[in-house]
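Enquirer: Got a structure for you, written out below as structure tokens; questions coming shortly.
The values are calculated or read from the model by the stated rules, or taken from the named source; none is laboratory data. All of these numbers come straight from a predicted model, not from anything done at the bench. All Cβ positions, even for glycine, are placed from backbone atoms using ideal geometry, and neighbour counts span all protein chains on display. Side chains are part of the model used for accessible areas, which takes the heavy atoms of the whole protein and leaves out ligands, DNA and RNA. Shrake-Rupley method; radii C 1.70, N 1.55, O 1.52, S 1.80 Å.
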Amino acid sequence: MTSSDVTDSQQYALRLVGVTKIFGGVRALNNVDFEVRRGEVHCLAGENGSGKSTLIKIVTGVHRPEAAERMELFGETLDTLTPVIARARGVSVIWQDLALFPNMSVAENIAFDDMVGLAPRGVDYADMRKRAKAVLSKLNVSLDLSASLESLPIAQRQIVAIARALMNDSQLIFMDEPTASLTQSETDALLDIVRTLSSEGVAVVFVSHRLAEVLDIAERVTVLRDGCLVDVFPTAGMTQSRLGELMTGHVLDEKVVACDKQDAPCVFKAENLARRGEFNGIDLSIHAGEVVGLIGLIGAGRTELAHAMTGMTRLDEGTMHLNGQPFAPSSLRHAIAQGVAYVSEDRLQLGLLQKQSIADNTVISVLDRILNAVGLISGRQKNALVCDWVQQLGVKIGEPDDAISTLSGGNQQKVVLAKWLATEPKLLILDCPTVGVDVGARAGIFRIVRDLAEQGLAILLITDEVTEALFNSDRVIHMHHGRIVDTHDPRKISVNELETAIYV
Amino acid sequence: MSDFLRHRQVEFRLFVVLLLSCIALGITTDTFLTLGNLTSLLNNNSVNLIWAVGLLVVLIAGGIDISFAVASSVVQFVAAKVLISLGGGNWVLGFLLCGSVGILLGLINAFFIHRFRIISIVVTIATFNVFFGLLMWLSRGRSIYALPDWWTERIILFEHQSTDGTWSELILPVAVMAFCVGITWLLIRRVNLGRQLYAFGDNPEGARRAGVNIAAMQALAFGWSGLMAGIAALMQVNIVQEVVPNALYGRELEVLAAVVLGGARLGGGKGTITGCVLGVLFVAVMQNGLNLLGISPFAFQMLIGAAILVAISTSNISLGELFAERSRRQET
């Protein structure tokens, strides 16, 4: 080994060469190389199922690869990686669900890994607090150390998870979708912390579906597709659409599709809607075949408005009309019966019955339409309905009787759509339909949204992402502090202008 | 102080209610606030409190145990038979024997819960029936009165004769209870094992990923509950001076009510020794008070049931959380 080889391998926090992992005959990873430099912010990009999680699990020793030419951590070649070895060498993962303890204090959460083990040891709370405080000050954050974790907002819990990783002297931290449930300003604060870590020599591998922030934070991006390495790219000069293409392998048509639908019949009309503490003076009309994007910061009152429009909460003031008829839903059931469908933000918890089958989830909201002569559920009618929607929406499924949890995020979202479309709505409200959905599936969902609009459905699209609103709606409504502050025509405004209008 | 109140809300509230009940009973009866009544209250509830701290550990670890009272009956019966066949034995042998049979019964629960992934309430209802059925079958329901002398002898720690001539005293089980409370506090607050129990009860998946040994945690929680059931068994015989197979049947619910009143959460991750002690004292005072006021014992049973329902329905969401939730929603 020459001296240049030594410095070469010293410069890397992690080097994997030729890693292959097979699950039941499927190559989850096929001869993949992955390198992270010390102190680098590196992004791991790929669609769901591209092998990102498998790669993280190999680095952390959860899975063993079938083949690996070479595995190196901080210049040291390792034959095998186990969770214990990985942690001892300074590798940690901040899982998407954070894996923290809600009832424990902040200090205890940060220092919890010291507690693990069966050899009895005393607990020194003062020392614990001291060390937790030291780690937090390294991150330039101050938190109430004795507050219970559950009393903190999600963004601060994220910081606790990072502090916990640092407590273990981690030099390589994987962050799995850390920004998925953060607001823009919280995301910015998190990205600042990532930069701080990086400047102190900690390497951070960032996994995110939000390509904008990936390009913002990372120096290099490794792109995986179908278990194979596409390549490693510097982020300088990379665009979101180019990265999306690399991940999916085909050109994504992200362009403005807006057209004027004001002449079409008005499906939904609201005047002066108000609900105390949530929103005020909302006038809104949605025409047949129109997609209206509703954008604003988290907390602008968009979801609250949707809840009131669907009878889940009461309006304090205002009137609504649906197809020219007065519309005052007393409950969600009532709203559904009148032809309004609402696809919730939190599909995993609220939109689907995770343990039930794909078929049962699809028909849950229309059980009364698939009854046979004696009033029991007809299996034949159910199957016909399910097959119909699976085909129309192009859901990739095994059997209709498989549990919904066997589907990927994007396909689950399609089943939620199918469930609501089965109610034959006139107005469809989509609340952040692509949270946690990857680029390819996202494009698929919006293709469906366009198709539905073309069939004459009126659609209200609530979204956090400027590009999503801009490229998929006919009009963009900007909501702020419970009021509609502006309406934009996507054909007349650029992404940057719209971003500035919303975030600044 | 404000920090203390924030973290010990349930305990503080319970303490206030307990204090008010004591004052009310002191005014309405002339027997409640006498040294004699208070010491006998402690004597009579020492067994409940020993069980309670055992149950607390199980609740913290996210489980529930219905079988501990009946397990104590089994321990008493086995210990009586073995000690008599050994010609008597002594306190050391008694503790060792009762403790280990108790732990064994607890580990049976832990085994089924962990090995077959059955929820603990189902397992312990089943073992409750198995233990009790087996005991009644083998003992033919007969009580044992011929017990070794050391076991039934009253050991008095403190006695006092008041001016009217009545005696008040504290007996051995009170000291053993204090020891059990202390050692359980050490386990759950001061040792890493206890903190892992909290973590496991709070977020089992998070604990597993952090490397907490789940099987060991189940064994520790139910083994501890079993150990306490064994010690409670030994002490209960010392108090009543006989082994009656069905004497403890049904006591588990009042202990459960006491522990959840003290703020231990069904679902895991939450619960303190202070709350547990206050809960047992509150239930004891309630029972004693109803008794002194001449109200039917069935009223007590009804109150226990109601207390469990109220504690369960409010244990997941406190009023404060409800309001916090609402104001957070309004911000958004």
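Enquirer: Within the stretch A:131-142, can you find the residues that are open to solvent by 90 Å² or more (accessible area, probe 1.4 Å) and in a loop (DSSP other than H, G, I, E, B)? Talk me through it step by step, then tell me what you get.
Expert: Initially, the stretch A:131-142 is screened for residues open to solvent by 90 Å² or more (accessible area, probe 1.4 Å), giving A:133, A:138, A:140, A:142.
Within the stretch A:131-142, A:Asn140, A:Ser142 qualify.
Enquirer: May I pose another question? Which number in (1) touching a strand residue (DSSP E or B) at 6+ places or on another chain (Cβ under 6 Å); (2) assigned to a loop (DSSP other than H, G, I, E, B); (3) more than 14 Å from chain B (Cβ to nearest Cβ); (4) crowded, with 18+ Cβ neighbours inside 10 Å marks the one condition that A:Ala264 misses?
Expert: Among (1) touching a strand residue (DSSP E or B) at 6+ places or on another chain (Cβ under 6 Å); (2) assigned to a loop (DSSP other than H, G, I, E, B); (3) more than 14 Å from chain B (Cβ to nearest Cβ); (4) crowded, with 18+ Cβ neighbours inside 10 Å, A:Ala264 violates only (4).
Enquirer: Condition first: of a type in the set (D, E, K, R), facing chain A (nearest Cβ under 7 Å) and surrounded by fewer than 23 Cβ atoms within 10 Å (Cβ to Cβ). Can you find one or more residues in the stretch B:224-244 that meet it?
Expert: At the first step, the residues of the stretch B:224-244 found to be of a type in the set (D, E, K, R) are B:242.
Subsequent filtering for residues that are facing chain A (nearest Cβ under 7 Å) retains none.
No, there is no match, as no residue in the stretch B:224-244 is of a type in the set (D, E, K, R), facing chain A (nearest Cβ under 7 Å) and surrounded by fewer than 23 Cβ atoms within 10 Å (Cβ to Cβ).
Enquirer: Can we say A:Val476 is open to solvent by less than 30 Å² (accessible area, probe 1.4 Å), in a helix (DSSP H, G or I) and touching a strand residue (DSSP E or B) at 6+ places or on another chain (Cβ under 9 Å)? Before the answer, list the steps.
Expert: Values: open to solvent by less than 30 Å² (accessible area, probe 1.4 Å): yes; in a helix (DSSP H, G or I): no; touching a strand residue (DSSP E or B) at 6+ places or on another chain (Cβ under 9 Å): yes.
In short, no.
Enquirer: Next question, about the same structure. Need pairs with beta-carbon distance below 8 Å; first residue under 13 Å from B:Leu134 (Cβ atoms) and within the stretch B:65-94, second assigned to a loop (DSSP other than H, G, I, E, B); sequence gap 6+ or separate chains.
Expert: Qualifying pairs under 8 Å: B:Val70/B:Leu248; B:Val70/B:Tyr249; B:Ser73/B:Pro245; B:Ser73/B:Asn246; B:Ser73/B:Ala247; B:Ser73/B:Leu248; B:Ser73/B:Tyr249; B:Phe77/B:Pro245.
Enquirer: Please work out which one of (1) out of contact with any helix residue (DSSP H, G or I) (no Cβ under 8 Å at 6 or more places or on another chain); (2) more than 14 Å from chain B (Cβ to nearest Cβ); (3) more than 30 Å from A:Asp33 (Cα to Cα) is the condition A:Gly293 fails and give its number.
Expert: (1)
Enquirer: More than 22 Å from the chain's Cα centre (by Cα) and outside any helix (DSSP H, G or I) - does that describe any residue in the stretch A:383-393? Can you show your working first?
Expert: Just the residues of the stretch A:383-393 that are more than 22 Å from the chain's Cα centre (by Cα), to begin with: A:383-392.
Keeping just the survivors that are outside any helix (DSSP H, G or I) gives none.
No - not one qualifying residue is present in the stretch A:383-393.
Enquirer: Separate question: Is it the case that B:Asp65 is within 14 Å of B:Ala264 (Cα to Cα) and assigned to a loop (DSSP other than H, G, I, E, B)?
Expert: Working: within 14 Å of B:Ala264 (Cα to Cα): yes; assigned to a loop (DSSP other than H, G, I, E, B): yes.
When the stated conditions are applied, B:Asp65 passes them.
Enquirer: Return yes when B:Glu254 is away from chain A (no Cβ under 14 Å) and either under 21 Å from B:Asn37 (Cα atoms) or in contact with a strand residue (DSSP E or B) (Cβ under 6 Å, 6 or more places away or on another chain) (or both) and no when it is not. First the steps, then the outcome.
Expert: On the way: away from chain A (no Cβ under 14 Å): yes; either under 21 Å from B:Asn37 (Cα atoms) or in contact with a strand residue (DSSP E or B) (Cβ under 6 Å, 6 or more places away or on another chain) (or both): yes.
Considered against the rule, which asks whether it is away from chain A (no Cβ under 14 Å) and either under 21 Å from B:Asn37 (Cα atoms) or in contact with a strand residue (DSSP E or B) (Cβ under 6 Å, 6 or more places away or on another chain) (or both), B:Glu254 comes out as yes.
Enquirer: With the structure loaded, tell me whether A:Ser146 is touching a residue at least 60 places away in the same chain (Cβ under 8 Å) and in a loop (DSSP other than H, G, I, E, B) or whether it fails that test.
Expert: Details: touching a residue at least 60 places away in the same chain (Cβ under 8 Å): no; in a loop (DSSP other than H, G, I, E, B): yes.
Against the criterion (touching a residue at least 60 places away in the same chain (Cβ under 8 Å) and in a loop (DSSP other than H, G, I, E, B)), A:Ser146 does not qualify.
Enquirer: May I pose another question? Is one or more of the residues making up the stretch B:178-194 at positive phi, surrounded by fewer than 21 Cβ atoms within 10 Å (Cβ to Cβ) and either at pLDDT below 95 or more than 10 Å from chain A (Cβ to nearest Cβ) (or both)?
Expert: Step one: filter the stretch B:178-194 for residues at positive phi, giving none.
Taking every residue of the stretch B:178-194 in turn, none turns out to be at positive phi, surrounded by fewer than 21 Cβ atoms within 10 Å (Cβ to Cβ) and either at pLDDT below 95 or more than 10 Å from chain A (Cβ to nearest Cβ) (or both).
Enquirer: For the stretch A:180-194, state whether one or more residues are touching a strand residue (DSSP E or B) at 6+ places or on another chain (Cβ under 9 Å), more than 24 Å from A:Gly46 (Cβ to Cβ) and open to solvent by 10 Å² or more (accessible area, probe 1.4 Å).
Expert: No, the stretch A:180-194 has no match at all.
Enquirer: Residue by residue through the stretch B:214-223, note down the ones that are touching a helix residue (DSSP H, G or I) at 6+ places or on another chain (Cβ under 8 Å), at the interface with another protein chain (Cβ under 10 Å from one of its Cβ atoms) and open to solvent by 10 Å² or more (accessible area, probe 1.4 Å). Don't jump to the end; show me each part of the working.
Expert: Narrowing the stretch B:214-223 to residues touching a helix residue (DSSP H, G or I) at 6+ places or on another chain (Cβ under 8 Å): B:214-215, B:217-223.
With the extra rule that they be at the interface with another protein chain (Cβ under 10 Å from one of its Cβ atoms), the set shrinks to B:217, B:220.
Listed by number, the list holds a single entry, B:Leu220.
Enquirer: Same structure, new question: Just to be sure I understand the filter: pairs with C-beta atoms under 6 Å, separated by 6 or more residues or on different chains, first member in the stretch A:291-317 and closer than 20 Å to A:Gln338 by Cα, second member polar (S, T, N, Q) and open to solvent by 50 Å² or more (accessible area, probe 1.4 Å). Which pairs pass?
Expert: Within 6 Å, the pairs are A:Gly311/A:Ser330.
Enquirer: Something else now. Of all residues in the stretch B:195-211, which are within 7 Å of chain A (Cβ to nearest Cβ) and open to solvent by less than 40 Å² (accessible area, probe 1.4 Å)?
Expert: Residues satisfying the conditions are B:Arg195, B:Gln196, B:Tyr198, B:Ala199, B:Asp202, B:Asn203, B:Gly206, B:Ala210.
Enquirer: Return the only residue of B:Ile119, B:Ile50 being surrounded by 24 or more Cβ atoms within 10 Å (Cβ to Cβ) and under 18 Å from B:Ser225 (Cβ atoms). Walk me through it before giving the result.
Expert: Details: B:Ile119 fails: surrounded by 24 or more Cβ atoms within 10 Å (Cβ to Cβ).
Exactly one residue qualifies, and that residue is B:Ile50.
Enquirer: Among the residues of the stretch A:479-504, count how many are in a loop (DSSP other than H, G, I, E, B) and touching a strand residue (DSSP E or B) at 6+ places or on another chain (Cβ under 9 Å).
Expert: 4
Enquirer: Please go through the stretch A:313-372 and give me each residue that is modelled with pLDDT under 85 and part of a loop (DSSP other than H, G, I, E, B), ordered by number. Step through it out loud before you land on a result.
Expert: So the first thing to find is which residues in the stretch A:313-372 are modelled with pLDDT under 85, and the list is A:343-372.
Within the stretch A:313-372, A:Ser344, A:Glu345, A:Asp346, A:Leu352, A:Leu353, A:Gln354, A:Lys355, A:Gln356, A:Ile370, A:Asn372 qualify.
Enquirer: What tally of residues in the stretch A:308-330 results from selecting those that are buried (at least 21 other Cβ atoms within 10 Å of the Cβ) and within 14 Å of chain B (Cβ to nearest Cβ)?
Expert: Residues that pass the stated criteria total 1.
Enquirer: Residues in the stretch A:72-113 that are within 12 Å of chain B (Cβ to nearest Cβ) and free of Cβ contacts under 8 Å to residues at least 40 places away in the same chain: how many?
Expert: Here the count works out to 8.
Enquirer: A further question follows. Return the pair list, or none, for Cβ contacts closer than 6 Å from residues in the stretch B:262-273 that are open to solvent by 20 Å² or more (accessible area, probe 1.4 Å) to residues that are part of a loop (DSSP other than H, G, I, E, B), at least 6 apart or on different chains.
Expert: Qualifying pairs under 6 Å: B:Lys270/A:Asn103.
Enquirer: Now, a different point. Can you find, within the stretch A:76-130, the residue that is farthest from A:Gln10 (Cα to Cα) among those that are part of a strand (DSSP E or B) and under 27 Å from the mean Cα position of the chain (by Cα)?
Expert: The first filter runs over the stretch A:76-130 and keeps only residues part of a strand (DSSP E or B), leaving A:76-77, A:91-94, A:105, A:122.
Imposing the further condition that a residue be under 27 Å from the mean Cα position of the chain (by Cα) reduces the set to A:91-94.
On the way: A:Val91: 16, A:Ser92: 19, A:Val93: 22, A:Ile94: 25 Å.
Among them, the one singled out is A:Ile94.
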